[in-house]
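**Q** Got a structure here, written out as structure tokens. Questions coming.
The values are calculated or read from the model by the stated rules, or taken from the named source; none is laboratory data. Predicted model only: the values in this text are computed from it and were never measured. Heads up, the Cβs are rebuilt from the backbone with ideal geometry, glycines too, and the neighbour counts pull from every protein chain shown.
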Amino acid sequence: MPSNQISRRAFWVVSHVALGLYRRFPVFGTLRAAVGIIRQGDRYLLIDRNDGRGFSFPGGLAKPRESEEIAVRREVVEETGLEVTAADLEFRYFNAAEIPCNISVFRVGVAGQLRGSWEGLPRWIESAAMRPRILKSQIPIVERILSSE
């Protein structure tokens with residue numbers, strides 16, 4: 001089995017087990033996450049997730065004592081290979097659709113060569129096509145984007 005298939009399957013297992021456990025035992029309470037909105041014309045960079053849960057904006061959970069801006073910079077590099085050149089906070093919201101989480105949303109400028117990661121493949125998606133497959137926890141981001149267009 002090729003190594004990319006192994007890493008995709010590993011991410012699927014880790015993602016589903018971690019979410020399932022945290023839903024039942026939220027030992028750290030409400031988590032903090034940061035995501036980046038990366039736009040190119042009328043398209044947005046989304047991750048087609050290897051865990052089968054759909055699309056997500058690049059981003060993820062902040063580490064303890066890590067600022068949300070540092071978290072979004074780290075996560076964008078990990079998931080897309082792109083270096084963040086600018087990160088401007090757009091808004092914050094609370095969502096408990098999957099796990100209790102305070103989410104910080106940044107408009108992000110990037111540079112570099114796009115690549116995938118074990119979490120999924122980055123894809124440029126038109127705004128109208130985002131909503132049907134976006135993670136439940138990120139629907140408020142898509143609604144805000146669509147209402148401002």
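**Q** When the stretch 30-59 is examined, which residues are found to be surrounded by fewer than 21 Cβ atoms within 10 Å (Cβ to Cβ), outside any strand (DSSP E or B) and either out of contact with any Pro (no Cβ under 7 Å at 6 or more places or on another chain) or aliphatic (A, V, I, L, M) (or both)?
**A** Passing the criteria: GLY41, ASP42, ASP51, GLY52, ARG53, GLY54.
**Q** Let me ask you something else. Restricting the search to the stretch 129-149, which residues are under 14 Å from TYR93 (Cα atoms) and either in contact with a Pro (Cβ under 6 Å, 6 or more places away or on another chain) or polar (S, T, N, Q) (or both)?
**A** Result: SER137, GLN138.
**Q** Right, here's the next one. For residues that are surrounded by fewer than 17 Cβ atoms within 10 Å (Cβ to Cβ) and under 20 Å from ASP42 (Cβ atoms), tally how many sit in the stretch 99-120.
**A** Total meeting the criteria: 3.
**Q** Looking at (1) in contact with a Ser or Thr (Cβ under 6 Å, 6 or more places away or on another chain); (2) surrounded by 14 or more Cβ atoms within 10 Å (Cβ to Cβ); (3) farther than 28 Å from PHE28 by Cβ, find the lone condition where TRP124 falls short.
**A** (1)
**Q** With the requirement that a residue be closer than 25 Å to VAL27 by Cα and either free of Cβ contacts under 8 Å to residues at least 24 places away in the same chain or assigned to a loop (DSSP other than H, G, I, E, B) (or both), what does the stretch 94-121 give you?
**A** Result: ALA96, ALA97, GLU98, ILE99, PRO100, GLU119.
**Q** Can you tell me which residue among ALA86, ALA96, ALA62 is among the small types (Gly, Ala, Ser) and crowded, with 18+ Cβ neighbours inside 10 Å?
**A** ALA62
**Q** Tally the residues that are touching a residue at least 24 places away in the same chain (Cβ under 8 Å) and either of a type in the set (A, V, I, L, M, F, W, C) or touching a Gly at 6+ places or on another chain (Cβ under 6 Å) (or both), restricting the search to the stretch 123-133.
**A** Of the residues in the stretch 123-133, 4 are touching a residue at least 24 places away in the same chain (Cβ under 8 Å) and either of a type in the set (A, V, I, L, M, F, W, C) or touching a Gly at 6+ places or on another chain (Cβ under 6 Å) (or both).
**Q** So MET130 clears everything in (1) over 24 Å from ILE6 (Cα atoms); (2) at pLDDT 95 or above; (3) crowded, with 20+ Cβ neighbours inside 10 Å except one condition, right? Which one?
**A** In the conditions (1) over 24 Å from ILE6 (Cα atoms); (2) at pLDDT 95 or above; (3) crowded, with 20+ Cβ neighbours inside 10 Å, MET130 misses (2) alone.
**Q** Collect the residues in the stretch 34-54 that are of a type outside the set (Lys, Arg) and closer than 21 Å to ARG92 by Cβ, keeping them in residue-number order.
**A** ALA34, VAL35, GLY36, ILE37, ILE38, TYR44, LEU45, LEU46, ILE47
**Q** Mind listing just one residue for me: the one in the stretch 66-83 that is among the aliphatic types (A, V, I, L, M) and surrounded by fewer than 20 Cβ atoms within 10 Å (Cβ to Cβ) and, of those, nearest to LEU45 (Cα to Cα)?
**A** Ranking the qualifying residues of the stretch 66-83, first place goes to VAL77.
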